[in-house]
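The values are calculated or read from the model by the stated rules, or taken from the named source; none is laboratory data. A quick note: this is a predicted structure, and the numbers were derived from the prediction, not measured. Glycine gets a Cβ as well: all are built from the backbone with ideal geometry, and neighbour counts include every protein chain shown. Ligands, DNA and RNA are excluded from the accessible area calculation, which covers all protein heavy atoms including side chains. Shrake-Rupley method; radii C 1.70, N 1.55, O 1.52, S 1.80 Å.
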Amino acid sequence: MSRTDMPSAWDERSMLATFLDYARATAVAKCEGVSAENAAAAPLAGSPLMSMGGLISHLRWVEHWWFEVIFLGEEDRGPWTDEDPDREMRIGAELPLADLLAEYEEQSARFRELVASTDLAATAKRPVRDGTHVTLGWVIMHLIEETARHNGHLDILRELADGTTGD
């Protein structure tokens with residue numbers, strides 16, 4: 001996945017797709033070269049589920065939720081349960097980071113096709129909590145925000161793990 005925040009065109013779709021891909025690629029870049037031990041570590045006492053692997057797993061499953069479940073109306077295949085609503089974070093610390101990253105990038109490619117071929121004003125098959133049927137454009141903006149926010153968490157975890165900093 002290339003990492004640029006400069007779209008190939010200045011229309012709304014190109015800008016949204018570029019920024020989502022940029023945020024995704026940043027998350028992947030934050031994990032490059034991290035050890036298995038550091039990928040599984042959750043060093044923040046107040047956030048015992050927040051590991052680098054957990055965050056990548058979370059990002060992967062958040063996209064599944066918004067694109068597949070909410071927007072397309074497909075079955076929820078997420079790992080969460082009523083008893084363990086944050087299970088994607090927990091299992092992300094247990095799985096090899098390389099596998100999580102490969103799955104995230106593979107899924108991103110599928111969703112990239114959806115974004116390229118669907119009207120941004122198309123509405124979701126399922127409503128969100130307040131009953132609103134959001135648009136594809138809204139879903140993309142939400143995922144940009146969510147991924148960018150978690151990139152900040154990945155920054156902190158990476159610096160705590162091995163001192164690596166940077167964009």
At a 1.4 Å probe, what is the % contribution of carbon and sulfur to the accessible area of the stretch 51-92? 48
Does the stretch 28-167 come out rounded, prolate or oblate by the C-alpha gyration tensor, with a ≥ b ≥ c the root eigenvalues, rounded set by a/c under 1.5 and, if not, prolate when a/b is larger than b/c and oblate if not? prolate
Specify the longest stretch of the chain that does not include any exposed loop site, a site being one of the trypsin sites (Lys or Arg not before Pro) with a non-H, G, I, E, B DSSP assignment and at most 13 other Cβ atoms within 10 Å. 4-76
Residue-wise HN-Hα coupling along the stretch 110-125, computed from phi with Karplus coefficients 6.51, -1.76, 1.60 (Hz; x: Gly, Pro): 5, 6, 4, 5, 4, 4, 6, 10, 10, 4, 4, 8, 4, 9, 5, 5
Note the full-extension length gain between A148 and R77 as 0.36 nm times their separation in residues minus their Cα-Cα distance, in nm to one decimal. 23.2 nm
Per residue accessible area in Å² of the stretch 1-46, where ligands, DNA and RNA are left out and the probe is 1.4 Å: 55
If you plug each phi of the stretch 69-85 into the Karplus form 6.51 cos²θ - 1.76 cosθ + 1.60 with θ = phi - 60°, what whole-Hz ³J(HN,Hα) values come out, in order, with x for Gly and Pro? 7, 6, 5, 8, x, 7, 5, 7, 9, x, x, 5, 9, 4, 6, 9, x
Cα shape, the stretch 1-97, gyration tensor, a/c 1.5 rule: oblate
At a Förster distance of 22 Å, what's the computed FRET efficiency of R129 paired with M15, Cβ-Cβ distance as r, to 0.05? 0.20
Do you know the relative contact order of the stretch 33-167, to the nearest whole percent, from alpha carbon pairs under 8 angstrom that are 6+ apart? 28
Anyone know which of H150, H58, H133 comes out most mobile in the 10 Å Cα GNM of the chain? H133
Solvent-accessible heavy-atom area per residue, rounded to whole Å², over the stretch 78-139 at 1.4 Å: 60
